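K.L.:
Quick one: structure below, then a few questions.
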Amino acid sequence: MLEHSSGTNLSHDTFEFLGFPALSRHRRLLSIPFSASYACVLLGNSLLVYVIGNMESLHGPMYLLIAALCAVDVAVVTAIIPNMLLGFLFDWDQISLPGCLTQMFVVHFFSSVESTLLLAMALDRYVAICRPLRYAEIINSSMFFKLLVFTLVRSGAIMLTLVGLAGSLSFCRSNVILHSYCDHMALVSLACGSTEGSHATGMAVIVFFVGVDISLIVLSYARILNTVLRTATGEKRKAFHTCGTHLMVMLVFYLVGSVTFLSRNLHIPIPTDINTFLGLMYILLPATVNPIIYGVRTKEIRNGFYKVFKIKQNKVISVKVATVPLVPSDRKST
């Protein structure tokens with residue numbers, strides 16, 4: 001039973017998800033594609049982490065960042081999809097306010113960590129291509145420790161503020177969240193009273209993670225492009241291939257994420273079903289395609305997969321056949 005209140009004395013402590021109202025009659029069918037996507041996320045990312053962990057040649061900085069990215073993808077998807085599938089299959093759509101705030105923190109925290117990892121990967125490629133002689137000096141264990149501290153402080157501080165402000169609000173209008181998980185603005189939109197602090201913090205998240213990180217990533221790849229264009233053709237091709245892989249992942253993550261965040265914070269009218277779908281794709285799509293992109297396009301990881309699982313690679317063997325000139329029969333020795 002949905003709860004509604006016109007007064008301001010009651011603050012809901014239980015909420016109900018309503019992410020796909022236009023498809024409410026087909027909720028059980030919706031569980032099929034999302035279950036398949038979740039299975040792909042678990043399988044693909046786990047395989048990639050397993051291969052990187054078991055191949056000593058893949059213990060370099062770039063591959064460790066890829067493994068960390070896979071682990072983060074699994075964590076953020078697991079915070080959403082199992083609970084959503086329970087709602088689709090058994091109508092378990094309710095969540096308490098503390099549970100909602102916990103889910104909100106986990107989802108937004110790990111999403112911000114993913115943004116930091118993508119930035120770190122761009123800077124890693126910048127140093128490897130533009131400062132190759134100083135790569136070992138710059139990209140080392142000390143740098144990774146500083147990156148870990150920076151990530152925890154930046155993501156933790158901002159997301160704790162985000163969740164703290166949301167938790168301090170009173171929710172007296174409705175307890176129906178028009179989403180399939182506890183998205184920040186989906187919950188804040190149910191609050192009565194001033195929500196300026198939550199809106200300002202939401203915009204700060206966009207600035208600190210989308211604006212700053214994208215700007216630094218674009219600057220890094222602009223410098224990489226400038227350096228690559230002056231290299232030999234073979235090295236140029238290899239650099240474009242590696243950087244192209246990273247850019248594909250970043251485009252998927254930031255493009256969908258920017259549309260989702262901006263539509264909520266700028267109050268752009270988008271149908272609930274579409275907005276819910278975009279919010280889920282922001283989480284699911286990168287986590288699904290990242291292992292495919294890195295596993296297929298990165299030669300070292302692909303070869304590591306073959307070695308770990310002892311799969312023979314198909315090799316094309318070329319045979320050079322020497323041609324022997326034919327001697328006409330009338331010229332044969334008698």
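K.L.:
Do any residues in region 169-180 that are among the aromatic types (Phe, Trp, Tyr) have Cβ atoms under 9 Å from those of residues that are buried (at least 22 other Cβ atoms within 10 Å of the Cβ), where the two are at least six apart or on different chains, and which pairs are they?
P.N.:
171/15; 171/187
K.L.:
Hey, another quick one. Does residue 182 satisfy being at pLDDT 90 or above, in contact with a Cys (Cβ under 7 Å, 6 or more places away or on another chain) and either among the basic types (Lys, Arg) or surrounded by 14 or more Cβ atoms within 10 Å (Cβ to Cβ) (or both)?
P.N.:
yes
K.L.:
Restricting to region 100-111, count the residues that are surrounded by fewer than 22 Cβ atoms within 10 Å (Cβ to Cβ) and either touching a Ser or Thr at 6+ places or on another chain (Cβ under 6 Å) or of a type in the set (Val, Ile, Thr) (or both).
P.N.:
Within region 100-111, residues that are surrounded by fewer than 22 Cβ atoms within 10 Å (Cβ to Cβ) and either touching a Ser or Thr at 6+ places or on another chain (Cβ under 6 Å) or of a type in the set (Val, Ile, Thr) (or both) number 2.
K.L.:
Hey, among 227, 288, which residue is touching a Cys at 6+ places or on another chain (Cβ under 7 Å), at pLDDT 80 or above and surrounded by fewer than 19 Cβ atoms within 10 Å (Cβ to Cβ)?
P.N.:
Unique residue meeting the criteria: 227.
K.L.:
A further question on this structure: Mind checking whether some residue in region 120-134 is closer than 22 Å to residue 212 by Cβ, among the acidic types (Asp, Glu) and in a helix (DSSP H, G or I)?
P.N.:
Yes, some residue in region 120-134 is closer than 22 Å to residue 212 by Cβ, among the acidic types (Asp, Glu) and in a helix (DSSP H, G or I).
K.L.:
Do we have residue 273 as at pLDDT 85 or above and crowded, with 16+ Cβ neighbours inside 10 Å here?
P.N.:
In short, no.
K.L.:
Looking at residue 121, is it crowded, with 21+ Cβ neighbours inside 10 Å, touching a His at 6+ places or on another chain (Cβ under 8 Å) and at pLDDT below 90?
P.N.:
yes
K.L.:
Let me ask another. Kindly check whether there is at least one residue in region 191-202 that is of a type in the set (A, V, I, L, M), farther than 18 Å from residue 272 by Cβ and either in a helix (DSSP H, G or I) or within 21 Å of the chain's Cα centre (by Cα) (or both).
P.N.:
yes
K.L.:
Listed residues 38, 63; which is aromatic (Phe, Trp, Tyr), at pLDDT 95 or above and within 14 Å of residue 291 (Cα to Cα)?
P.N.:
The unique qualifying residue is 38.
K.L.:
Can you tell me which residue in region 84-97 is surrounded by the fewest Cβ atoms within 10 Å (Cβ to Cβ), limited to those that are in contact (Cβ under 8 Å) with a residue 24 or more places away in the chain and part of a helix (DSSP H, G or I)?
P.N.:
89
The values are calculated or read from the model by the stated rules, or taken from the named source; none is laboratory data. All figures in this text were calculated on a predicted structure; none of them were measured in a lab. Please note: Cβ atoms are built from the backbone with ideal geometry, for glycine as well, and neighbour counts cover all protein chains shown.
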